[in-house]
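Here the structure comes first, spelled out in structure tokens, and everything after it is commentary.
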Amino acid sequence: MGANKLLLMEEILSKKDIGERIRVLRLTNGLSQAFIANILNLSRSNYSQIELGNQYPTFNTLHEIARYYSKTYDWLLHGEEPAKTAAEHPAKIDLIINDLETSFRSFTMSLKRLEQELNHIKSRRAKVRA
């Protein structure tokens, strides 16, 4: 009975089908394997194995792919989107807005630190010249 369940699971979650959906997303967006592998913090070879259907993506990799392409896990795993209710859209939009605001704050802080570093370097350089 265990072998039958495993075969059913493999049939439901075909590595080849998942890999093909991920490959089509990448190609549709005109991206290279190396570019996406870098975003996912994977080697290009490892990423290639996912696209070829030789291995399943990890949960974290699947999460990052879904997020990057704005797809659902259901679509990546099964090729279909679940039926959505109108109430789900505002929540998703709020999550996206919060994520963007957090990223923007982090980026702004990085720019401020970079500006301080640049000013410090300029100040030291001016002292050396004087």
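The values are calculated or read from the model by the stated rules, or taken from the named source; none is laboratory data. Computed from a predicted model, the values in this text were never measured in an experiment. Cβ sites come from the backbone with ideal geometry, for glycine too, and all protein chains shown count toward neighbours.
Results, tabulated for the structure shown:
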read-out: TYR68 being within 12 Å of the chain's Cα centre (by Cα) and of a type in the set (Phe, Trp, Tyr); value: yes
read-out: Residue within the range 104-124 that is of a type in the set (D, E, K, R), surrounded by 11 or more Cβ atoms within 10 Å (Cβ to Cβ) and assigned to a helix (DSSP H, G or I) present; value: no
read-out: Lone qualifier among ASN60, ASN46 - being more than 17 Å from GLU20 (Cα to Cα), at pLDDT 85 or above and either among the hydroxyl-bearing types (Ser, Thr, Tyr) or in the same structural domain as LEU31 (by TED's automatic domain parsing) (or both); value: ASN60
read-out: The range 68-82, residues that are polar (S, T, N, Q) and either modelled with pLDDT of 90 or more or loosely packed, with under 13 Cβ neighbours inside 10 Å (or both); value: SER70
read-out: Count - residues of the range 21-41 that are in contact with a Ser or Thr (Cβ under 7 Å, 6 or more places away or on another chain) and among the β-branched types (Val, Ile, Thr); value: 0
read-out: Check on THR85, hydroxyl-bearing (Ser, Thr, Tyr) and modelled with pLDDT of 85 or more; value: no
read-out: Per-region count, the range 50-64, residues farther than 17 Å from ASP74 by Cα and within 12 Å of the chain's Cα centre (by Cα); value: 0
